[in-house]
Amino acid sequence: MSGGAGALNVGAAVLTDWAIACLRHFELPEDDARCLAESLVQTSLWGIDSHGIARLTHYLNRLTHGSIRARPEIVVTRSGPGTAQVAGDRGLGIVVAHRANRVAIELARENGIGAVGVSDSSHCGAVGLYSRVAAREGLIGMAFTHSDKIAAPFGGHQPFLGTNPISLAFPREGSEPVCLDMATTSIPWNRVMNARREGAAIAPGVAVDGEGGDTTDAQAANALRPLGGPDYGHKGYGLALIVELLCGPLNGNPYGPQIGPMYAELERPRRIGAFFVAIDPMRFAGGPMFAATVEHMARALAAEPGAPRMPGDPELEAQAKRRVEGIPIEPGLAAEMRAWSTRLGVASPL
């Protein structure tokens, strides 16, 4: 979660302003530019550098090539008392996802539960962005998304499914929500891309080369292993397949090998989907005491040997540190940021 040698620490506000300036160059509406910029910087504050401000340059690249639209016509269709479909019109995935998640929250407020599918969108960043919003409002939040073929299925070694992340968040009295935000692979593919950019190695046991052999060489990595590795990867593979069905076929989107690659074929729209669920705890027997019980459980766990933490607590610790020290920008990313600043005529944040 901390920067390596040569990293520059930059304040969150400086990075947010820079991102907004870059996005406004593409004539994004002010609210959308701020939504995207703040989401990326917040993700970096949590220490999730695979999905934080480092991804802005990718979005700028796709905006340039036209596969992401700066001003999409997002359409929300309520299909039932607790269901809706959001057509993203090739918009920025983070903007579309926040819109869809808000619809799920509204449905849950009205009817106890809201389930919203997203079609024709793009990469929506860290899915914990959305589940946490619901939980801060007293709801249980769930968020899922998929991507192009990056992970090998259990028993195979060629990529077929995405990293297909899952996030669930729960309200916690007097504190930020408990939040599980995890890929169904051991690491996200963006961590491999970051390692390639910085000339770094990746951990053993998380990726395979083109022949199916384990590799720590980010350049040689051809596919990620499912969560659980070579012995127990059937668990991560099964979770990834479930997320794929929820986000792809259920919403009329392509799946796995049918989706355009994230970092290639930049003119090709990716048609990525997502799925959001919000649940009102007050519709259940434990609802009135639910958030208090979550906090009680957190305290009980902290009193156990080893002082186990709740999911999401490490991100909060990283956030507290990075708000003071700044967000580390690795040398390779710094070079990309300077290049885009020059290209767009925007003052560099570095």
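Scanning segment 168-201 for residues that are charged (D, E, K, R) and either open to solvent by less than 40 Å² (accessible area, probe 1.4 Å) or closer than 20 Å to E317 by Cβ (or both) yields R172, E173, E176, D181, R191. For segment 79-88: of the residues being out of contact with any helix residue (DSSP H, G or I) (no Cβ under 8 Å at 6 or more places or on another chain) and open to solvent by less than 50 Å² (accessible area, probe 1.4 Å), which is farthest from R268 (Cα to Cα)? Result: G80. Any residue that is on the phi > 0 side of the Ramachandran plot, touching an Asp or Glu at 6+ places or on another chain (Cβ under 7 Å), modelled with pLDDT of 95 or more and not small (G, A, S) - is there at least one of those in segment 77-98? Scanning segment 77-98 turns up at least one residue that is on the phi > 0 side of the Ramachandran plot, touching an Asp or Glu at 6+ places or on another chain (Cβ under 7 Å), modelled with pLDDT of 95 or more and not small (G, A, S). Among the residues of this structure, R283 does not count as one that is out of contact with any strand residue (DSSP E or B) (no Cβ under 6 Å at 6 or more places or on another chain) and surrounded by 22 or more Cβ atoms within 10 Å (Cβ to Cβ). Checked against (1) under 17 Å from C124 (Cα atoms); (2) touching a residue at least 24 places away in the same chain (Cβ under 8 Å), P254 passes all but condition (2).
Selection over segment 5-18 of residues that are in contact with a Pro (Cβ under 8 Å, 6 or more places away or on another chain) and either open to solvent by 20 Å² or more (accessible area, probe 1.4 Å) or not aliphatic (A, V, I, L, M) (or both) gives a count of 7. Evaluate the following for F290: is it farther than 29 Å from D148 by Cα, touching a residue at least 24 places away in the same chain (Cβ under 8 Å) and aromatic (F, W, Y)? When the stated conditions are applied, F290 passes them. A search for C-beta distances below 9 Å between a residue of segment 13-29 that is closer than 14 Å to I327 by Cα and any residue that is hydroxyl-bearing (S, T, Y) and not in a loop (DSSP other than H, G, I, E, B), counting only pairs 6+ apart in sequence or on different chains, returns L15/S44; W18/S341.
Out of P308, P349, P288, which single residue is more than 21 Å from the chain's Cα centre (by Cα), under 27 Å from G141 (Cα atoms) and part of a loop (DSSP other than H, G, I, E, B)? Being more than 21 Å from the chain's Cα centre (by Cα), under 27 Å from G141 (Cα atoms) and part of a loop (DSSP other than H, G, I, E, B) holds for just one of P308, P349, P288, which is P308. Each residue in segment 57-78 was checked for being of a type in the set (S, T, Y), open to solvent by 10 Å² or more (accessible area, probe 1.4 Å) and within 22 Å of E336 (Cα to Cα), and 2 of them qualify. The set of residues in segment 153-167 being open to solvent by less than 10 Å² (accessible area, probe 1.4 Å) and touching a residue at least 60 places away in the same chain (Cβ under 8 Å) consists of L161, G162, N164. Taking R323, is it of a type in the set (D, E, K, R), in a helix (DSSP H, G or I) and in contact with a Leu (Cβ under 8 Å, 6 or more places away or on another chain)? Criteria met by R323.
Restricting attention to segment 107-120, and to residues there that are more than 22 Å from the chain's Cα centre (by Cα) and open to solvent by 10 Å² or more (accessible area, probe 1.4 Å), which single residue is nearest to R270 (Cα to Cα)?
Quick first cut of segment 107-120, residues more than 22 Å from the chain's Cα centre (by Cα) only: 107-113.
When the remaining residues are screened for being open to solvent by 10 Å² or more (accessible area, probe 1.4 Å), the result is 109-111, 113.
Details: R109: 32, E110: 33, N111: 33, I113: 29 Å.
Among those residues, the one meeting the criterion is I113.
Open to solvent by less than 20 Å² (accessible area, probe 1.4 Å), touching a residue at least 12 places away in the same chain (Cβ under 8 Å) and either on the phi > 0 side of the Ramachandran plot or basic (K, R) (or both): does that describe R270? Yes.
Which residues, counting only those in segment 326-346, are in a loop (DSSP other than H, G, I, E, B) and either of a type in the set (D, E) or open to solvent by 60 Å² or more (accessible area, probe 1.4 Å) (or both)? Before you say what the answer is, go through the steps one by one.
Looking only at segment 326-346, we keep the residues that are in a loop (DSSP other than H, G, I, E, B), and these are 326, 330, 345-346.
Result: E330, G345.
Hey, among A21, A54, which residue is open to solvent by 10 Å² or more (accessible area, probe 1.4 Å), touching a Leu at 6+ places or on another chain (Cβ under 9 Å) and not charged (D, E, K, R)? After ruling out the rest, the residue left standing is A21.
The values are calculated or read from the model by the stated rules, or taken from the named source; none is laboratory data. All values reported here derive from a predicted model rather than from experimental measurement. Here Cβ is always computed from backbone atoms with ideal geometry, including for glycine, and neighbour counts include all displayed protein chains. Protein only, heavy atoms only, side chains kept; ligands, DNA and RNA dropped before computing areas. Shrake-Rupley method; radii C 1.70, N 1.55, O 1.52, S 1.80 Å.
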